[in-house]
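K.L.:
My questions will all concern the structure given below.
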Amino acid sequence: MIRSKISRDEIYHIADLAYLHLDTEQAEKLAADLSEIIGYVEKLNELSTDNVEPMMHAVPMENILREDKVRPSITKEESLRCAPLHDGEYFLVPKILEVD
């Protein structure tokens with residue numbers, strides 16, 4: 001059973017885990033907000049789910065992706081022609097990593 005009241009100490013513990021610094025006013029507000037949220041979630045426990053089948057998604061899911069098909073593509077020369085920089089064989093890009 002979840003209790004609906006969150007203490008300020010629990011809020012500070014959660015804030016520490018999240019590397020957050022909260023002042024007293026923020027902790028009090030957060031405690032009240034979380035207590036209200038948990039109270040609402042506790043109301044869901046009152047619902048009967050006896051005749052509800054377990055499901056992964058609330059709505060039916062379908063794969064809307066097209067089937068993979070091999071099709072003609074552009075040649076290397078055509079693709080290099082569109083590149084801002086190339087050496088005739090490869091695309092040239094700025095060096096961003098230094099290797100020792």
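The values are calculated or read from the model by the stated rules, or taken from the named source; none is laboratory data. Every value quoted in this text rests on a predicted model; they were computed, and no experiment measured them. Cβ atoms come from the backbone with ideal geometry, glycine included; neighbour counts cover every protein chain shown.
K.L.:
In the range 33-44, is there at least one residue being in contact with an Asp or Glu (Cβ under 6 Å, 6 or more places away or on another chain) and of a type in the set (Val, Ile, Thr)?
P.N.:
No; the residues of the range 33-44 include none that is in contact with an Asp or Glu (Cβ under 6 Å, 6 or more places away or on another chain) and of a type in the set (Val, Ile, Thr).
K.L.:
Quick one: which residue in Leu97, Leu80 is on the phi < 0 side of the Ramachandran plot and part of a loop (DSSP other than H, G, I, E, B)?
P.N.:
Going through Leu97, Leu80 in turn, the sole match is Leu97.
K.L.:
Could you check the range 1-23 and list, in sequence order, the residues that are exposed (fewer than 10 other Cβ atoms within 10 Å of the Cβ) and not in a helix (DSSP H, G or I)?
P.N.:
Within the range 1-23, Met1, Ile2, Ala18, Tyr19, His21, Asp23 meet the criteria.
K.L.:
Quick check: anything in the range 56-63 among the β-branched types (Val, Ile, Thr), loosely packed, with under 10 Cβ neighbours inside 10 Å and under 27 Å from the mean Cα position of the chain (by Cα)?
P.N.:
Scanning the range 56-63 turns up at least one residue that is among the β-branched types (Val, Ile, Thr), loosely packed, with under 10 Cβ neighbours inside 10 Å and under 27 Å from the mean Cα position of the chain (by Cα).
K.L.:
Is it true that some residue in the range 67-76 is surrounded by 10 or more Cβ atoms within 10 Å (Cβ to Cβ), over 30 Å from Ile6 (Cα atoms) and in contact with a strand residue (DSSP E or B) (Cβ under 9 Å, 6 or more places away or on another chain)?
P.N.:
no
K.L.:
If you go through the range 24-47 one residue at a time, do you hit one that is at pLDDT below 85, among the hydrophobic types (A, V, I, L, M, F, W, C) and not in a loop (DSSP other than H, G, I, E, B)?
P.N.:
Yes, the conditions are met somewhere in the range 24-47.
K.L.:
Which ones in the range 83-94 are surrounded by 10 or more Cβ atoms within 10 Å (Cβ to Cβ), touching a helix residue (DSSP H, G or I) at 6+ places or on another chain (Cβ under 9 Å) and assigned to a loop (DSSP other than H, G, I, E, B)?
P.N.:
Residue satisfying the conditions is Tyr90 alone.
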